[in-house]
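The structure appears below as structure tokens.
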2 protein chains.
Amino acid sequence: MSRSLSIGELASRTQCQSETIRYYEREGLLPSPARSAGNYRQYDSAQVERLSFIRHCRSLDMTLDEIRALLKFRDAPSRNCAEVSALLDEHVRHVADRITQLRGLQRQLRQLRGLCANPGNTDRCGILKEMTRAARREGHAPPAVGHVHGPHRRAR
Amino acid sequence: MSRSLSIGELASRTQCQSETIRYYEREGLLPSPARSAGNYRQYDSAQVERLSFIRHCRSLDMTLDEIRALLKFRDAPSRNCAEVSALLDEHVRHVADRITQLRGLQRQLRQLRGLCANPGNTDRCGILKEMTRAARREGHAPPAVGHVHGPHRRAR
DNA sequence: TAGAACCCTATAGCTACTATAGAGTCAAGT
DNA sequence: ACTTGACTCTATAGTAGCTATAGGGTTCTA
């Protein structure tokens, strides 16, 4: 019999914060664990594995909804796994779309950057000028179409 | 003298919603405009241009903070524009990082997908098996490092 | 028995919006 | 003059996936 783990121990074993674990519990990705006499959460090795699985999926940039779906398949081993493949296929497609989009962006940005080789006053700045001109030209598309995030995220 | 625009007219000219315009105003990207007798916002052509500029920046996936910075340069034409170039350089770097990251992801995902050619029961699913194994192996890195978003976004 | 280190819940914050509720305003038609 | 509909106003809550805080309780060690 292996001793049960506190939330902090589970956290350090899975490289994620206690807060995140409690969040996953609220979100239904992890079951509510047993509690100690002092109301502390007690985890076992099954939960270590489940959380590791979740974190691995997150490291593959899956959404919690996608992960929820995968967990359902894991929890019902007799179901047909074609849907697992389908889910993965779609995720691959999302990622591919995003790459395409970012490459286009990159091209535009580098072009824009090329307009300022010798920095002077902002009133003669080629970059600002061109952005203003481009803005006037366009009926600019919305920032990012569909199911795809921008390139910014704060550090953790 | 050109007639002033209502928020709805500004919205349709710039391809963005009235709500978004009010949001930009709250965020200090757009100045509080004049008001009519009935307390309606009244915009002029300078605001059309300013908002177009903002939307163009957003279509280049800049954050509102980055845009705020650019607007400050636009508003102070005598300042040196080296910082504009620097800002753009950093943005280009963010995008490049994100592309690299997504390519790695794509490789992993396709590999995983290859494990299920003939779908059967989930208890023999090569994908789920491998994800479980991989999760056990790793001290999985956090979902996305630094300043970078995942590939998912809901449609507008 | 004190203090440090952990745990608990509840709540607010982050980005860049979007969507609602509930009220007021305006122009056109009758 | 009055109604109808389209517009506008403010304020508030919701989205994803956490992170951070406040204000308490618990457990371990000295």
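Annotation note: Cβ proximity below 7 Å between a residue of the range B:1-24 that is part of a helix (DSSP H, G or I) and a residue that is among the basic types (K, R) (sequence gap 6+ or interchain) occurs for B:I7/B:R41; B:T14/B:R55. Give the residues of the range B:92-136 that are within 7 Å of another protein chain (Cβ to nearest Cβ), within 31 Å of the chain's Cα centre (by Cα) and of a type in the set (S, T, N, Q), sorted by residue number. Within the range B:92-136, B:Q106, B:Q108 qualify.
Please go through the range A:62-79 and give me each residue that is over 16 Å from the mean Cα position of the chain (by Cα), surrounded by 14 or more Cβ atoms within 10 Å (Cβ to Cβ) and facing another protein chain (nearest Cβ under 7 Å), ordered by number. If you could, list the steps in order and put the result at the bottom.
Quick first cut of the range A:62-79, residues over 16 Å from the mean Cα position of the chain (by Cα) only: A:71-79.
Imposing the further condition that a residue be surrounded by 14 or more Cβ atoms within 10 Å (Cβ to Cβ) reduces the set to A:71, A:73-74, A:79.
Across the range A:62-79, the qualifying residues are A:F73, A:R74, A:R79.
Go through the residues of the range B:33-42 one by one and say whether even a single one is more than 9 Å from chain A (Cβ to nearest Cβ) and in contact with a helix residue (DSSP H, G or I) (Cβ under 6 Å, 6 or more places away or on another chain). Yes, some residue in the range B:33-42 is more than 9 Å from chain A (Cβ to nearest Cβ) and in contact with a helix residue (DSSP H, G or I) (Cβ under 6 Å, 6 or more places away or on another chain). Residues in the range A:20-43 that are charged (D, E, K, R) and farther than 24 Å from A:A69 by Cβ: A:R35, A:R41. Residues considered: A:S4, A:S36, A:S18, A:S59. Of these, the only one that is within 16 Å of DNA strand C (Cβ to nearest atom) and under 21 Å from the mean Cα position of the chain (by Cα) is A:S18. Taken as a whole, the condition of being at pLDDT below 90, of a type in the set (G, A, S) and loosely packed, with under 15 Cβ neighbours inside 10 Å does not apply to B:G28.
Name the one entry in B:T20, B:T100, B:T14, B:T63 that is farther than 16 Å from A:L112 by Cα and more than 16 Å from DNA strand D (Cβ to nearest atom). Talk me through it step by step, then tell me what you get.
On the way: B:T20 fails: more than 16 Å from DNA strand D (Cβ to nearest atom); B:T14 fails: more than 16 Å from DNA strand D (Cβ to nearest atom); B:T63 fails: more than 16 Å from DNA strand D (Cβ to nearest atom).
Of the residues listed, the single one that is farther than 16 Å from A:L112 by Cα and more than 16 Å from DNA strand D (Cβ to nearest atom) is B:T100.
For the range A:137-153, the candidate set comprises residues that are facing chain B (nearest Cβ under 7 Å) and either more than 18 Å from B:A96 (Cβ to Cβ) or modelled with pLDDT of 75 or more (or both); within that set, the residue that is farthest from DNA strand D (Cβ to nearest atom) is A:E138. The residue that is nearest to A:S59 (Cα to Cα), counting only those in the range A:86-100 that are surrounded by 20 or more Cβ atoms within 10 Å (Cβ to Cβ) and either touching a residue at least 60 places away in the same chain (Cβ under 8 Å) or not aliphatic (A, V, I, L, M) (or both), is A:H91. For the condition within 9 Å of DNA strand C (Cβ to nearest atom) and touching a Leu at 6+ places or on another chain (Cβ under 8 Å), A:Q47 does not qualify.
The values are calculated or read from the model by the stated rules, or taken from the named source; none is laboratory data. On a predicted model such as this, the values are computed, not experimentally measured, just so you know. Here the Cβ is made from the backbone with ideal geometry for all residues, glycine too, and neighbour counts use every protein chain on show.
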